[in-house]
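**Q** Pasting a structure here, questions to come.
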Amino acid sequence: MVSYWKQVNKVIREADIIIEVLDARMIEETRNHEIERKIKNNKKQIIYVINKCDLVNYSEIKRKTRGLNPSVFISSKERLGTTILKKKILHISRGQEVVVGILGYPNVGKSSLINALCG
């Protein structure tokens, strides 16, 4: 089995834009500062996706996400925010073709996000 860090480093190396998926119910606990440092050291663009935003009060999420820029609120289950995320990716890529990598802890909704984006 491929080691966790080997896989993470591969995603960071091959992607142009990296999405870090965070759980809206525990944003700080699902952040990985080490991965964020690796992304910045590799001069890659990061987008913080706050998933499961339908389960938390909006003003609480807004307060907890100060400093996470750019960030997008998503509900993969309800398919809310996916258009905003697509527009954010398009804006960052300036219309160029890019590879988008998705990283995050288990059960934050990475697969749900991919399914919601793919339709």
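The values are calculated or read from the model by the stated rules, or taken from the named source; none is laboratory data. What you see is a predicted model; the values in this text were computed from it and never measured. Positions of Cβ are backbone-derived with ideal geometry, glycine not excepted, and every protein chain shown enters the neighbour counts. Surface areas here come from the heavy atoms of the whole protein model, side chains and all, with no ligands, DNA or RNA. Shrake-Rupley method; radii C 1.70, N 1.55, O 1.52, S 1.80 Å.
**Q** Write down the accessible area per residue of region 46-119 in Å², having rolled a 1.4 Å probe over the full set of protein chains.
**A** Here the per-residue accessible area is 62 Å².
**Q** Another question, then. In debye to the nearest 20, how big a dipole does region 30-119 give about its Cα centre with +1 on each Lys and Arg Cβ and -1 on each Asp and Glu Cβ?
**A** Dipole about the Cα centre, nearest 20: 280 debye.
**Q** Oh, and also: Could you list log10 I(q)/I(0) for region 48-106 at q = 0.20, 0.25, 0.28 Å⁻¹, which the Debye formula gives when each Cα is one point scatterer?
**A** Results for region 48-106 at q = 0.20, 0.25, 0.28 Å⁻¹ read -0.85, -1.17, -1.29.
**Q** Say we join alpha carbon atoms closer than 10 Å with springs in a Gaussian network model of the chain; which of L80, L22, L90 then has the biggest fluctuation?
**A** Sorting by GNM fluctuation, first place goes to L90.
**Q** Using 0.36 nm per residue, how much length does the chain from D16 to S3 gain when fully extended, once their Cα-Cα distance is taken away?
**A** So the chain would gain 2.5 nm between D16 and S3.
**Q** Any chance you could run the full-extension gain for Q96 through S111? It's 0.36 nm times the residue separation minus the Cα-Cα distance, nm to one decimal.
**A** 2.9 nm
**Q** Something else about it: Could you run the Karplus curve 6.51 cos²θ - 1.76 cosθ + 1.60 with θ = phi - 60° over region 20-28 and give me ³J(HN,Hα) per residue in whole Hz, x for Gly and Pro?
**A** 9, 8, 10, 8, 4, 6, 8, 4, 5
**Q** Based on the Cβ-Cβ distance of R25 and N69, what FRET efficiency does E = 1/(1 + (r/R0)^6) give at R0 = 25 Å, to the nearest 0.05?
**A** The formula returns an efficiency of 0.75 here.
**Q** So, one more: Mind checking which of Y48, Y58, Y105 has the largest fluctuation in a GNM of the chain, springs on alpha carbons under 10 Å?
**A** Greatest mean-square fluctuation among the candidates belongs to Y58.
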